[in-house]
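K.L.:
Encoded as structure tokens, here's the structure I'll be asking about.
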Amino acid sequence: MKANIKFILSLFIIVFSACERWVEINTPENQLTTDKVFADTATLNGAVANMYDQFNRSIDVSYNKYMGLYTDELQYQGSNQEVLEFYNGNILAANSMILNIWSRLYAVIYQANDIIEQLTNSSSIPSQVSTKAIGEAKFIRAFAYYYLANTFGDVPLILTTDVTLNASSARTESSEITNQIVDDLTESKVLLSTSPDGPLSRTRANRWAATALLSRLLIQQEKWEEAYSAASEVINSQYFTPLSDLSVVFRSGSRETIFQFWTQNGFIQDATNLIALSGVPAYSLSSGLVQAFEEEDQRKVNWTGTITANGTTYYYSYKYKNRSSGSTSFPEYLIALRCSEQYLIRAEAELHLGNTAGAIDDINTIRVRAGLSSLPADLNSQECFKALEQEKRVEMFMEWGYRYIDLKRTERIYNVMSKYKPNWTEHSDLLPIPQREINVNQNLTQNPGY
């Protein structure tokens with residue numbers, strides 16, 4: 001195949017236009033149009049690779065830093081008005097960046113749906129290969145819906161490529177979306193292989209990735225015993241471990257990684273925005289986040305960088321070290337799930353189940369590897385909850401809007417953010433539905449407060 005094959009993707013489910021619209025996306029040479037993917041296994045793999053590729057190329061750059069700005073992780077020294085809306089906490093429904101979040105997540109859902117539909121009716125692909133690809137597509141669909149539902153609340157639940165149905169879909173209650181995510185992940189666990197052996201296999205969904213994401217959903221549903229079991233299943237698999245050398249956590253094939261998105265050039269797409277080189281950086285870590293690190297915390301040493309401009313020192317996110325193709329002696333892939341989070345999920349479940357000692361042990365696993373002292377064994381549950389909140393903040397910062405979702409899930413977001421952003425209201429826990437979507441689909445309604 002020639003390089004720069006055109007991937008033609010129907011985006012009527014994204015813009016909900018009355019007319020059929022098409023968008024061309026340039027893709028690497030191993031990625032093919034979905035109308036040709038089922039001739040053989042090689043071409044199917046190309047289509048699946050294209051589905052994964054969207055997260056580093058377009059979704060992460062539309063989501064992560066903006067949700068960091070929207071909460072209390074990042075500050076902004078630029079002048080772009082739409083970025084300032086995120087930073088100031090007063091996003092307008094016409095903001096093109098929320099449209100990007102919405103449309104790009106739905107684009108990958110469409111790709112997943114198309115793969116599932118066509119493989120269900122295909123006889124040209126070996127059953128074992130087809131089963132794995134369906135499992136991967138269900139995982140990706142669940143991953144995308146996890147962020148749509150947490151960001152916008154009730155959203156259209158689209159499980160088909162049907163043009164007419166998708167173009168006029170109404171919003172589905174977030175509880176039903178969550179149930180669908182759980183169903184997809186449960187099926188993925190059965191369909192996907194178990195071993196992530198080798199550095200590249202962590203860039204394809206496996207049983208443990210489905211289980212790790214499922215543990216997030218279960219903690220969100222307050223199903224403490226099930227969340228504990230899911231997190232324990234990942235931790236006890238012995239495939240993953242928190243790394244004591246914090247400088248290598250985000251490299252490709254890291255033993256801490258459960259699932260990561262491959263990057264073509266060995267650095268994440270958003271690296272040039274996040275890693276400062278000179279002058280005043282557009283994006284820097286907030287003073288509140290910087291001050292949240294304890295004095296001896298090696299995460300501050302290894303995962304943040306500093307730059308001084310005009311006499312002011314700015315901290316920036318430095319979890320990923322590579323900024324260009326010239327700095328890729330050790331390639332970095334975009335991490336979506338890592339095992340340290342599973343220890344924090346299990347600790348929260350243990351606290352709710354009355355096992356404070358177990359929670360302290362799991363939190364200490366993360367603290368000790370960061371160079372910190374262990375928590376005292378005699379902490380009560382309230383003190384342990386507070387310690388857990390602290391660890392989540394400094395461990396998971398600038399990773400897929402984790403802070404935003406966690407504050408909202410634990411019903412702390414208004415109390416925390418209203419003190420930080422004067423424009424924050426009781427409705428700010430959700431972003432507005434993009435106005436463009438409402439304009440072309442009369443069945444969509446706006447979130448309260450917008």
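K.L.:
Hey, among L159, L191, which residue is within 30 Å of I91 (Cα to Cα) and open to solvent by 30 Å² or more (accessible area, probe 1.4 Å)?
P.N.:
Matching residue, one of L159, L191: L159.
K.L.:
In the stretch 320-343, which residue that is farther than 26 Å from R207 by Cα and among the charged types (D, E, K, R) is surrounded by the fewest Cβ atoms within 10 Å (Cβ to Cβ)?
P.N.:
For the stretch 320-343, the residue satisfying everything is R323.
K.L.:
So which residues in the stretch 209-254 are within 19 Å of the chain's Cα centre (by Cα), among the charged types (D, E, K, R) and either in a loop (DSSP other than H, G, I, E, B) or at positive phi (or both)?
P.N.:
R251
K.L.:
Taking N64, is it crowded, with 22+ Cβ neighbours inside 10 Å, at pLDDT below 95, within 20 Å of the chain's Cα centre (by Cα) and assigned to a helix (DSSP H, G or I)?
P.N.:
no
K.L.:
I've got another one for you. In the list V394, V368, which residue meets the criterion of being under 21 Å from the mean Cα position of the chain (by Cα) and on the phi < 0 side of the Ramachandran plot?
P.N.:
Result of the check over V394, V368: V394.
K.L.:
Right, another one. With G449, G354, G371, G401 as the choices, which residue is more than 30 Å from T211 (Cα to Cα) and out of contact with any Lys or Arg (no Cβ under 8 Å at 6 or more places or on another chain)?
P.N.:
From the options G449, G354, G371, G401, the qualifying one is G449.
K.L.:
Identify, by number, the condition in (1) open to solvent by 10 Å² or more (accessible area, probe 1.4 Å); (2) part of a strand (DSSP E or B) that Q291 doesn't meet.
P.N.:
If we test Q291 against (1) open to solvent by 10 Å² or more (accessible area, probe 1.4 Å); (2) part of a strand (DSSP E or B), just (2) comes out false.
K.L.:
A further question on this structure: For the list (1) closer than 23 Å to G371 by Cα; (2) open to solvent by 20 Å² or more (accessible area, probe 1.4 Å), I need the number of the one condition that V249 fails.
P.N.:
The number of the failed condition is (2).
K.L.:
Then there's this: Out of all the residues in the stretch 265-288, which are surrounded by fewer than 22 Cβ atoms within 10 Å (Cβ to Cβ) and either out of contact with any strand residue (DSSP E or B) (no Cβ under 7 Å at 6 or more places or on another chain) or within 21 Å of N206 (Cβ to Cβ) (or both)?
P.N.:
Answer for the stretch 265-288, where residues must be surrounded by fewer than 22 Cβ atoms within 10 Å (Cβ to Cβ) and either out of contact with any strand residue (DSSP E or B) (no Cβ under 7 Å at 6 or more places or on another chain) or within 21 Å of N206 (Cβ to Cβ) (or both): N265, G266, Q269, D270, A271, T272, L277, S278, S287, G288.
K.L.:
Since R204 meets every condition but one in (1) modelled with pLDDT under 95; (2) charged (D, E, K, R); (3) open to solvent by 20 Å² or more (accessible area, probe 1.4 Å); (4) in contact with a Ser or Thr (Cβ under 6 Å, 6 or more places away or on another chain), which condition does it not meet?
P.N.:
With respect to (1) modelled with pLDDT under 95; (2) charged (D, E, K, R); (3) open to solvent by 20 Å² or more (accessible area, probe 1.4 Å); (4) in contact with a Ser or Thr (Cβ under 6 Å, 6 or more places away or on another chain), R204 is out only on (4).
K.L.:
I'd like the residue in the stretch 357-373 that is open to solvent by 30 Å² or more (accessible area, probe 1.4 Å) and either in contact with an Asp or Glu (Cβ under 9 Å, 6 or more places away or on another chain) or modelled with pLDDT under 95 (or both) and, out of all such residues, is nearest to A231 (Cα to Cα).
P.N.:
Here the answer is D361.
K.L.:
Quick check, is Y404 open to solvent by 70 Å² or more (accessible area, probe 1.4 Å) and either under 19 Å from I345 (Cβ atoms) or within 26 Å of the chain's Cα centre (by Cα) (or both)?
P.N.:
no
K.L.:
Name the residues in the stretch 312-344 that are more than 21 Å from F261 (Cβ to Cβ) and not small (G, A, S), would you?
P.N.:
Once the filter is applied, which keeps residues that are more than 21 Å from F261 (Cβ to Cβ) and not small (G, A, S), the stretch 312-344 yields T312, T313, Y314, Y315, Y316, Y343, L344.
K.L.:
Also: Can you name the helices (runs of 4 or more DSSP H) wholly within the stretch 93-185 that have at least 1 residues being in contact with a Ser or Thr (Cβ under 6 Å, 6 or more places away or on another chain) and touching a residue at least 12 places away in the same chain (Cβ under 8 Å)?
P.N.:
In the stretch 93-185, 96-120, 127-152 are the helices (runs of 4 or more DSSP H) which contain 1 or more residues that are in contact with a Ser or Thr (Cβ under 6 Å, 6 or more places away or on another chain) and touching a residue at least 12 places away in the same chain (Cβ under 8 Å).
K.L.:
Answer yes if at least one residue in the stretch 420-433 is surrounded by 15 or more Cβ atoms within 10 Å (Cβ to Cβ) and assigned to a helix (DSSP H, G or I), and no otherwise.
P.N.:
no
K.L.:
Let me ask something else about it. Residue check, P199 against (1) modelled with pLDDT under 95; (2) buried (at least 22 other Cβ atoms within 10 Å of the Cβ), all met but one. Which one?
P.N.:
Result: P199 fails condition (2) only.
K.L.:
So which of Y420, Y404 is of a type in the set (F, W, Y) and modelled with pLDDT under 95?
P.N.:
Within the list Y420, Y404, the selection yields Y420.
Yes or no, residue by residue, for (1) at pLDDT below 95; (2) surrounded by fewer than 20 Cβ atoms within 10 Å (Cβ to Cβ); (3) small (G, A, S):
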{"site": "D245", "(1), (2), (3)": "no, yes, no"}
{"site": "G253", "(1), (2), (3)": "yes, yes, yes"}
{"site": "T263", "(1), (2), (3)": "yes, no, no"}
{"site": "I307", "(1), (2), (3)": "no, yes, no"}
{"site": "T312", "(1), (2), (3)": "no, yes, no"}
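K.L.:
Taking the condition of being aliphatic (A, V, I, L, M), under 17 Å from V301 (Cα atoms) and part of a helix (DSSP H, G or I), how many residues in the stretch 349-397 meet it?
P.N.:
Total satisfying the criteria: 3.
K.L.:
Being farther than 10 Å from I307 by Cβ, part of a loop (DSSP other than H, G, I, E, B) and not hydroxyl-bearing (S, T, Y) is the filter here; which residues of the stretch 271-286 pass it?
P.N.:
Residue satisfying the conditions is A282 alone.
K.L.:
If you don't mind, another one. Would you say T445 is under 30 Å from P242 (Cα atoms), at pLDDT 95 or above, in contact with a helix residue (DSSP H, G or I) (Cβ under 9 Å, 6 or more places away or on another chain) and open to solvent by 10 Å² or more (accessible area, probe 1.4 Å)?
P.N.:
For T445, the condition - under 30 Å from P242 (Cα atoms), at pLDDT 95 or above, in contact with a helix residue (DSSP H, G or I) (Cβ under 9 Å, 6 or more places away or on another chain) and open to solvent by 10 Å² or more (accessible area, probe 1.4 Å) - is not met.
K.L.:
Being buried (at least 20 other Cβ atoms within 10 Å of the Cβ) and of a type in the set (D, E): is that true of E411 here?
P.N.:
Considered against the rule, which asks whether it is buried (at least 20 other Cβ atoms within 10 Å of the Cβ) and of a type in the set (D, E), E411 comes out as no.
The values are calculated or read from the model by the stated rules, or taken from the named source; none is laboratory data. What you are looking at is a predicted structure, and each value in this text was computed from that prediction instead of being measured. Glycine gets a Cβ as well: all are built from the backbone with ideal geometry, and neighbour counts include every protein chain shown. What goes into the accessible areas is simple: the full protein's heavy atoms, side chains included, and nothing from ligands, DNA or RNA. Shrake-Rupley method; radii C 1.70, N 1.55, O 1.52, S 1.80 Å.
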